Amino acid sequence: MRSLLFIPGDSPKKLDKGMTSGADALIVDLEDSISPERKSQARETALAFIKQAGTSKTRPRLLVRINGLQTGLTDADLDVIVAGRPDAIMFPKAEGGAAVTHCDAKLTAREAMHGLPAGSITMVAIATETAKALFLAGTYADASPRLTGLTWGAEDLSVELGAEANRDKDGNFLDPYRLARSLCLAGAAAAQVQAIDTVYVDFRNESGLRRECEEARRDGFTGKMAIHPAQVPIINEVFTPTAEAIAKAKTVIAAFAADPGAGTVGIGGLMYDRPHLERAKLLLARTNQS
């Protein structure tokens, strides 16, 4: 998933519009964008949307961001939305692998109640929204076979830290949030799941969004969340491997295939070693090319 677009779960109009946004995934939100008095209505709206959208032959992946375990609303969310069989849930304010295992058990019970195969609904966890979570970012490996991705967030974390801001005057993340970003990236690598970058809130700033996407891709993230449909094209463009990158990856793979026992190969005057080979394989896997 290159682009994951947040849409409030209580807005049928915005949900329908999201289907034509070009996003790889829609995140139907039951958490931060929904006021407490609208939670129940949002669940029913989200369920109706997922059921209808799920029948489309060409559709984005459908995720639902539930409310975190700390809120006491997780069960009520899952009681409703599992019946719609979303592709995945987004699990906010996750605090390490133990929390993911706990949420997995809740999903397993409800899948059984609705006659769904165990594990059919996957999970993306938001791994940095509390201070405690930062110390647990390396514990997600083997927490649940459902876990397919980790992402991070700065807004809730800045509130918990008591910070006045999470970005500087140029729009760059300040040190506590760069740490959170790095821990998410390392945690995803340790768990062997996708690393997904957080949202860029200044949605009218296309150059800032592009810069942040390019930095995220450079560092190892393979997708990014969006808060507005206008952000989707740039995110998709930046996280789609270029023809040049694909050609280079194929050249590296071919060079090692021609000399299977080699630890390094020379291409165009440069030396490439086994980590370059693995990186090339991962890039082609993302493009479904060989």
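Quick notes on this one:
- Residue among Q52, Q41 that alone is more than 20 Å from G153 (Cβ to Cβ) and free of Cβ contacts under 8 Å to residues at least 12 places away in the same chain: Q52
- Evaluation of D197 against (1) surrounded by fewer than 23 Cβ atoms within 10 Å (Cβ to Cβ); (2) acidic (D, E); (3) closer than 20 Å to S21 by Cα (one fails), failing number: (1)
- The helices (runs of 4 or more DSSP H) found entirely in the stretch 59-166 that carry 3 or more residues being crowded, with 18+ Cβ neighbours inside 10 Å are 74-81, 97-113, 155-161.
- For first residues located in the stretch 96-112 and more than 24 Å from K132 (Cα to Cα), partners that are part of a helix (DSSP H, G or I) and lie 6+ apart or on another chain with Cβ distances below 6 Å form the pairs R110/L78; R110/V82.
- Filter result for T55 (at pLDDT 95 or above and of a type in the set (S, T, N, Q)): no
- Just so you know, in the stretch 13-53 the residues that are outside any helix (DSSP H, G or I) and polar (S, T, N, Q) include one that is surrounded by the most Cβ atoms within 10 Å (Cβ to Cβ), and it is S21.
- Screening the stretch 204-252 for residues that are over 25 Å from A280 (Cα atoms) and among the charged types (D, E, K, R) and picking the one that is modelled with the highest pLDDT gives E206.
- Matching strands (runs of 3 or more DSSP E) fully within the stretch 177-290 where at least 1 residues are under 14 Å from S3 (Cα atoms) and of a type in the set (A, V, I, L, M, F, W, C): 194-197, 223-226
- If only residues of the stretch 1-24 that are without any contact (Cβ under 8 Å) to a residue 40 or more places away in the chain and of a type in the set (A, V, I, L, M) are counted, the one that is farthest from P241 (Cα to Cα) is L15.
- E215 vs. criteria outside the structural domain of N172 (by TED's automatic domain parsing), surrounded by fewer than 17 Cβ atoms within 10 Å (Cβ to Cβ) and either free of Cβ contacts under 8 Å to residues at least 40 places away in the same chain or charged (D, E, K, R) (or both): no
- Candidates G187, G171 - the one that is at pLDDT below 95 and within 21 Å of R218 (Cα to Cα): G171
The values are calculated or read from the model by the stated rules, or taken from the named source; none is laboratory data. Remember, it's a predicted structure, so these values are computed and weren't measured experimentally. Positions of Cβ are backbone-derived with ideal geometry, glycine not excepted, and every protein chain shown enters the neighbour counts.
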